[in-house]
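Below is one structure; the comments refer to it alone.
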Amino acid sequence: MLQLLKNNFFLFFILISSFETYSEEDPYSFIDKNAQEMVEILINESYLFESDRSLYEQKIKDIFEPMIDFRRVAASVMGKKYYLMATKDERSQFVEIFKDSLLDTYAETLAQWGDSTITTKFPLEEHELVKNVEVKQILDTGTSTYPISYKLRKNKDGWKIINIIINGVNLGLTFRNQFQALALTHDENISLTLENWVSDAGTAGIT
């Protein structure tokens, strides 16, 4: 099951298009700029995966963690019902549990996917940016292509990823369904639900 999860989450990182005409505050450039830094690690420092796994993972986390609005995503995964049922400490606990599970999986997986490429679809004309933006991409594995859609929201800290849809699979919704099912399994005991949380989005049809 862990391997299935790994096959999904490399998609967050292997982005290789560069468009210098956009400012760093533009969400398209935000995704692309961080992708370039990620690819540099994948290409030039992949040896660390075997020689110093902790350092390799930390380099990836340092780039990826600021890209995600984990608090908003975690709240969405819990859903309104369970978010309101949870205590403040339990909400904060799930943010950390959810974040750590994703970051650890991403960092462990990336070295396997250095040959894939993703093309970001930049707007052809100048556009007025709003608070919520969708950035679309195409993943090319060499044998197949798949659509990817990032949902971003701008807050006081800049643009943050709040959801991703891979080949038609809405990861945010998938995680929310899993949380609700797990909560029901544990008689809606939030503490037990958090204790037993394991995120898994399958393969999202990526083969």
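The values are calculated or read from the model by the stated rules, or taken from the named source; none is laboratory data. Predicted, not measured: the structure shown is a model, and the values here were computed from it. Methodologically, a virtual Cβ is constructed for each residue, glycine included, from the backbone with ideal geometry; neighbour enumeration extends over all protein chains shown.
So, in the stretch 42-56, how many residues would count as being surrounded by fewer than 17 Cβ atoms within 10 Å (Cβ to Cβ) and part of a helix (DSSP H, G or I)?
Here the count works out to 7.
One line per residue, one yes/no per condition, for (1) closer than 24 Å to PHE49 by Cβ; (2) of a type in the set (Asp, Glu); (3) at pLDDT 75 or above:
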{"position": "TRP159", "(1), (2), (3)": "no, no, yes"}
{"position": "ILE190", "(1), (2), (3)": "no, no, yes"}
{"position": "LEU194", "(1), (2), (3)": "no, no, yes"}
{"position": "SER199", "(1), (2), (3)": "yes, no, no"}
{"position": "GLY205", "(1), (2), (3)": "no, no, no"}
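Within the stretch 57-79, can you find the residues that are under 11 Å from the mean Cα position of the chain (by Cα), buried (at least 19 other Cβ atoms within 10 Å of the Cβ), part of a helix (DSSP H, G or I) and not aromatic (Phe, Trp, Tyr)?
Of everything in the stretch 57-79, those that are under 11 Å from the mean Cα position of the chain (by Cα), buried (at least 19 other Cβ atoms within 10 Å of the Cβ), part of a helix (DSSP H, G or I) and not aromatic (Phe, Trp, Tyr) turn out to be MET67, VAL73.
Is there any pair linking a residue in the stretch 129-157 that is within 17 Å of VAL73 (Cβ to Cβ) to one that is at pLDDT below 85 and not aliphatic (A, V, I, L, M), with Cβ under 7 Å and at least six apart or on different chains, and which?
Once the first residue is within 17 Å of VAL73 (Cβ to Cβ) and sits in the stretch 129-157, its partners that are at pLDDT below 85 and not aliphatic (A, V, I, L, M) give VAL135/THR120; ILE148/GLN137; ARG153/LYS131; LYS154/LYS131.
For the stretch 159-185, what are the residues that are within 11 Å of the chain's Cα centre (by Cα) and not in a helix (DSSP H, G or I)?
If the condition is that a residue be within 11 Å of the chain's Cα centre (by Cα) and not in a helix (DSSP H, G or I), then LYS160, ILE161, ILE162, ASN163, ILE164, ILE165, ILE166 are the ones that fit.
From (1) among the aliphatic types (A, V, I, L, M); (2) out of contact with any Asp or Glu (no Cβ under 8 Å at 6 or more places or on another chain); (3) modelled with pLDDT of 90 or more, pick out the condition that doesn't hold for LEU139.
The failed condition is (3).
Of all residues in the stretch 142-157, how many are modelled with pLDDT under 90 and not hydroxyl-bearing (Ser, Thr, Tyr)?
Total meeting the criteria: 6.
Filter the stretch 158-168 down to the residues that are without any contact (Cβ under 8 Å) to a residue 40 or more places away in the chain and surrounded by fewer than 17 Cβ atoms within 10 Å (Cβ to Cβ) and list them by number.
Hit for the stretch 158-168 is GLY168, nothing else.
Of the residues ASP115, ASP104, ASP100, ASP89, which is modelled with pLDDT under 90, more than 16 Å from the chain's Cα centre (by Cα) and surrounded by fewer than 18 Cβ atoms within 10 Å (Cβ to Cβ)?
Result of the check over ASP115, ASP104, ASP100, ASP89: ASP115.
Could you list all residues from the stretch 23-47 that are of a type in the set (S, T, N, Q), within 20 Å of the chain's Cα centre (by Cα) and at pLDDT below 80?
GLN36, the sole residue that qualifies.
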